[in-house]
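Reviewing the structure listed below.
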Amino acid sequence: MKRILLVGLFLGSLSVSAQSEDVLFDDRWYAGVMGGVARPGDDRLTELTTPYFGAYLGRFFSPDFSLDLQIDSYSADFDRDELNAAGIMSPAASSPDFDIYGYGLTGRYYAGDMGDKHRFYGLAGLGIAEHDNFLDEGRDMYVSLGAGVQSRFSENIRLRTQLEGRYDNDRQTRSSDDGFIDFILSVGLSFSF
């Protein structure tokens, strides 16, 4: 009985090692740029949508998991009528700009096989959002959750389309107890090297 168990364990370990050798993945670094549209949270009292830009550097650490270092930016204008309705008086010489710069890490977990032309993924991110407006110039943590699809055009070129919800823990801009949730729809083009 012990011999049968030992033979079974030996054959099982051979099949696991053979499977692990078949699972190859592209662990090269990649860099990319992205653009899209950001919709700041309603409580920010800004215009509804604004252009979104960013860049990233990352790599796959397994066939199903990648991690990116990401920088991004979007800038909205305060809606003066909404500011006045909320009882916030802006100085006459102040700029209506509300600039947000983000620096963070984003992890993506992919479905499907590494060689598939299209792969769906879920994303989670953590970073720092820097705010620049007449009410506040500071930094706060942000957390992102979202989903998207990555399309492979060649061995080196990939396209990502994703929708992300970002909770910005900004409590100074409006002296609130809660932060804001912004939504970002983006398309990114990456090159592996």
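Annotations
- Those residues of the stretch 123-164 whose amide nitrogen sits under 11 Å from the label point placed on LEU69, 7 Å along Cα→Cβ: none
- Note on ASP136 and ASN156: their simple-model spin labels are 4.3 nm apart, each label 7 Å out from Cα toward Cβ.
- Counting 0.36 nm for each residue step from ASP116 to LEU145 and taking away their Cα separation leaves a gain of 8.1 nm.
- Per residue, in Å², the accessible surface of the stretch 104-153 once ligands and nucleic acids are set aside, probe 1.4 Å: 51 Å²
- Label-point separation in nm, ILE181 to ALA55, each point 7 Å along Cα→Cβ: 3.2 nm
The values are calculated or read from the model by the stated rules, or taken from the named source; none is laboratory data. Fair warning: this is a prediction, and the values are worked out from it, not measured in the lab. Neighbour counts run over all protein chains shown; Cβ positions are idealised from the backbone, glycine included. When the accessible area is computed, the model is the full protein with side chains, heavy atoms only, and any ligands, DNA or RNA have been set aside. Shrake-Rupley method; radii C 1.70, N 1.55, O 1.52, S 1.80 Å.
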